[in-house]
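Note sheet for the following structure.
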Amino acid sequence: MTVSASSPLRRTPAAPAAPGSPGRLRLAVCAATVAACVPYLAIKTAWLSGSTVGWNDADAAQDSALYVGNAISMAMDATAVLVALAFTFPWGRRVPAWLVLTPMWIAAGLLAPIALAVPLGTVLQVLFSSQPVVDPGGELQGWVYGVVYTGFTLQGIGLVAAFVLYARDRWTHVFTVRTEDIPRGATHQLQVLLARTAAVFAALFAAVHLFWAFGGTAGLIAEEYLSRGPARQTVDGVMGLLALAAAAALLASVGRARRPRRFAVPLAGAWVGAAATFSWSLYLLIVTIAQPGHLGSHSTAAVNMTLLCGLLAGLLMGVTGAVLLAELAERDVQIASPTASSTP
C-alpha cells in the first residue's frame, strides 16, 4: 500500500529542538527537583501564616526565633528551585559562575549527608534499636520528618543530576582534563599549604564524629545526645567520612596525583565533602549562638570545638578549591585566546 504525501498515515518527522533549548532529560530532572521542593515550601508557608499543622506543641510553634528560622529555611529552599531552573534553561549559562556555584555548594553540603545517612540510619534504627525513629512525644508529628527528609533526599539527587548536566556544557574542560596535566600555577604552594592545614582540621573533626559514630559519648553530656540510636550514629559516621574524603581528594588534586586520572573525580569528592563539613558546622554554630535555650544549653566545649574545626576545614578546603579552579579557568582562557604574532 502506498501512502501519499497528504495522507494522514504518513509519519512526519518531529521538529528539531530549538538551539540551546533544554532536552527532555533536563526538563524531567528539573521538574522532579522542583516537585521535591513543593512539600517543604508548603509546610513552611503554612507555619509562617500561623498554622500549627504538624505540631504537637502549639505553643512552641509561636516562638519568634523559630519564625525567623522558618523564613530563612524557606528562602533557602526557594533558592534551590531557582538554581534548578538555572541549570535547565539557556539563561542559566549567562548567570555569573559564582552566583550558581555558591548556592549549589551550600545545597550540596546540606543535602548530601541527609541523602546518604537518613535512609540508611532509619533502616538501622528499625532493625537494631528498640527506640522509635521519631519521638512520638516530640514537638513535631512524625509525618513531618518523613515528608521533609524524603523531600531533602530527592532534592539532593535532583540538584546533583541537574548540576552535572549543566556543568558538562559550561565547563567541559573540567570533565576532560587529567589531574596530572594541570600546570602548577603561581599559587600552587599556597594551595598545598591550605590543603594540608585543612586536612589537619578535617582529621580532628572526623576523628570526633567517628568516635561518636561507634558509640562514644565523651563530650556529650546532654540527655538528648546520650540517648542517640543508630540513626544519629550513622549521621556522625557519614559526616566523619565526608570530611576525610574531602581532605584526601583535595590533597590529591593539589598534589597532581596520577590516580584517579580524571580531575573531575577528586574534585567531586572535595566539593561534596568540604561543603558538608562547612555547611553543617556553620549551621549548628549559628543555632547555638542564636537559640541558646534550644541547643546552646545542651552544647559542650567538645561539641563547639568540633564544629569550629569543621568550619575551618570546610572553609579552607573551599577556598583552596576555588583558587585551583580559577587557575584552571585562566589557563583555558589563555589557550583559547589568539596568540600574538612574533616579530622576526
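Using beta carbons and a limit of 6 Å, which pairs, at least six apart or on different chains, have the first residue in the range 41-53 and within 21 Å of ALA80 (Cβ to Cβ) and the second one in a loop (DSSP other than H, G, I, E, B)?
Once the first residue is within 21 Å of ALA80 (Cβ to Cβ) and sits in the range 41-53, its partners that are in a loop (DSSP other than H, G, I, E, B) give ALA46/VAL53.
Okay, residues lined up against (1) in a helix (DSSP H, G or I); (2) within 24 Å of GLN62 (Cβ to Cβ); (3) within 24 Å of the chain's Cα centre (by Cα):
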{"site": "ALA115", "(1), (2), (3)": "yes, no, yes"}
{"site": "LEU127", "(1), (2), (3)": "yes, no, no"}
{"site": "ASP135", "(1), (2), (3)": "no, yes, no"}
{"site": "VAL147", "(1), (2), (3)": "yes, yes, yes"}
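I'd like to check something: does the range 61-76 contain any residue that is in a helix (DSSP H, G or I), in contact with a strand residue (DSSP E or B) (Cβ under 9 Å, 6 or more places away or on another chain) and surrounded by 14 or more Cβ atoms within 10 Å (Cβ to Cβ)?
Looking for residues that are in a helix (DSSP H, G or I), in contact with a strand residue (DSSP E or B) (Cβ under 9 Å, 6 or more places away or on another chain) and surrounded by 14 or more Cβ atoms within 10 Å (Cβ to Cβ), one finds at least one in the range 61-76, hence yes.
Checking the structure you have, find out if any residue of the range 151-172 is surrounded by fewer than 16 Cβ atoms within 10 Å (Cβ to Cβ) and more than 20 Å from ALA108 (Cα to Cα).
The answer is yes; a qualifying residue exists.
Could you say whether any residue in the range 92-101 is of a type in the set (Lys, Arg), in contact (Cβ under 8 Å) with a residue 24 or more places away in the chain, farther than 23 Å from VAL38 by Cβ and in a helix (DSSP H, G or I)?
Checking the range 92-101: at least one residue is of a type in the set (Lys, Arg), in contact (Cβ under 8 Å) with a residue 24 or more places away in the chain, farther than 23 Å from VAL38 by Cβ and in a helix (DSSP H, G or I).
For THR234, are the conditions met, namely being within 22 Å of the chain's Cα centre (by Cα) and either surrounded by fewer than 17 Cβ atoms within 10 Å (Cβ to Cβ) or at pLDDT 95 or above (or both)? Break it down into steps so the answer makes sense when it comes.
Working: within 22 Å of the chain's Cα centre (by Cα): yes; either surrounded by fewer than 17 Cβ atoms within 10 Å (Cβ to Cβ) or at pLDDT 95 or above (or both): yes.
Considered against the rule, which asks whether it is within 22 Å of the chain's Cα centre (by Cα) and either surrounded by fewer than 17 Cβ atoms within 10 Å (Cβ to Cβ) or at pLDDT 95 or above (or both), THR234 comes out as yes.
Give me the pairs: first residue in the range 114-131 and outside the structural domain of LEU210 (by TED's automatic domain parsing), second residue assigned to a loop (DSSP other than H, G, I, E, B), beta-carbon distance under 7 Å, and six or more apart or on different chains, which are they?
Listed by first residue and then by second, the contacts come to THR122/VAL133; GLN125/GLN131; GLN125/VAL133; GLN125/GLY229; VAL126/VAL133; SER129/GLY229; GLN131/GLY229.
Looking at the structure I just gave you, is LEU295 modelled with pLDDT under 85, in the same structural domain as LEU190 (by TED's automatic domain parsing), within 24 Å of the chain's Cα centre (by Cα) and surrounded by 13 or more Cβ atoms within 10 Å (Cβ to Cβ)?
Criteria met by LEU295.
The values are calculated or read from the model by the stated rules, or taken from the named source; none is laboratory data. As the structure is a computational prediction, the values presented were derived from the model and not from experiment. With ideal geometry, Cβ positions are generated from the backbone for all residues, glycine too; neighbour counts draw on all protein chains shown.
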